[in-house]
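I have placed the structure first, in the form of structure tokens, so that the comments after it can refer back to it.
Every number in this text was worked out from the coordinates using simple rules, so none of it is lab data. Since the model is a prediction, treat every value here as computed from it, not as a measurement. Virtual Cβ from ideal backbone geometry, glycine too; neighbours counted across all protein chains shown.
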Amino acid sequence: MPVVSWTQIDINPLPAPLPVDIIVPWWRLVDTIRGATHLMINATGNWTALPGLLAPCDPDGLAGLVLPADRVVLPDAPPGALIGRIGGSSASLKAEGAFVIGSGCVVTVPAGSIGPLFFSFNITARPVHVTTIAIEVSRATPSL
């Protein structure tokens with residue numbers, strides 16, 4: 001039976017000082033993911049996507065709110081939810097390879113993947129007004 005050991009990864013500084021308006025599509029959280037088979041990501045925080053129009057939310061987003069597919073990055077996740085992606089560019093508007101982080105997730109790193117880990121919010125409009133945010137990332141390589 002495989003044994004999984006999680007090792008916390010140092011992350012890049014989060015937006016500061018808070019509160020802050022994030023205008024970039026993707027924020028680089030880790031410069032390079034290499035040699036991991038899985039990532040465990042846990043998050044807390046509070047932000048408002050579309051300030052003045054939507055209620056504040058946490059990493060799990062605004063469950064029950066449905067927006068048109070062109071207004072969110074991942075149509076199968078609540079608006080405002082924390083999302084992630086390995087590889088690509090901080091300026092890309094594409095959702096290719098994106099996954100839902102929410103308040104916590106474990107994702108499989110695609111085989112042979114080397115690249116940055118980005119986070120974003122499941123809404124295409126900017127800015128997103130961030131009041132608080134904390135994210136922890138751990139890596140694992142199961143061994144026998």
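Worth a mention:
- Under the Karplus curve 6.51 cos²θ - 1.76 cosθ + 1.60, θ = phi - 60°, whole-Hz ³J(HN,Hα) for region 19-36, x wherever Gly or Pro sits: x, 8, 9, 8, 10, 7, x, 9, 9, 6, 8, 10, 5, 9, 9, 8, x, 9
- The dipole here belongs to the chain: it is taken about the Cα centre, uses +1 on the Cβ of Lys and Arg and -1 on the Cβ of Asp and Glu, and is about 240 debye.
- Binned Cα-Cα distances of the chain, short to long, each 5 Å bin given as a whole percent: 2, 10, 20, 24, 20, 12, 7, 3, 1, 0, 0
- This ranking places Val66, Val20, Val100 by how few other beta-carbon atoms lie within 10 Å of each, fewest first, which gives Val66, Val20, Val100.
- Seen from Trp27, the other residues with C-beta closer than 14 Å to its C-beta sum to a net charge of +1, counting Lys and Arg as +1 and Asp and Glu as -1.
- Dipole magnitude of region 33-112, debye to nearest 20 (Cβ charges: Lys/Arg +1, Asp/Glu -1, about Cα centre): 220
- Qualifying trypsin sites (Lys or Arg not before Pro) for region 20-81 [loop in DSSP, other Cβ within 10 Å: at most 12]: Arg34
- Each residue of region 58-72 was assigned a 3J(HN,Hα) from its phi angle through the Karplus expression (A = 6.51, B = -1.76, C = 1.60, θ = phi - 60°), giving 10, x, 7, x, 9, 4, x, 8, 10, 10, x, 4, 7, 9, 10 Hz with x at Gly and Pro.
- Pairwise centroid distance, computed over Cα atoms, of region 1-35 with region 39-73, Å: 18
- Dividing the mean sequence gap of close Cα pairs (under 8 Å, 6+ apart) by how many residues the chain holds gives a relative contact order of 45 percent.
- From phi via Karplus (6.51, -1.76, 1.60), per-residue ³J(HN,Hα) for region 118-133 in Hz, x at Gly/Pro: 10, 10, 7, 10, 6, 7, 7, 6, 10, x, 10, 8, 9, 8, 9, 7
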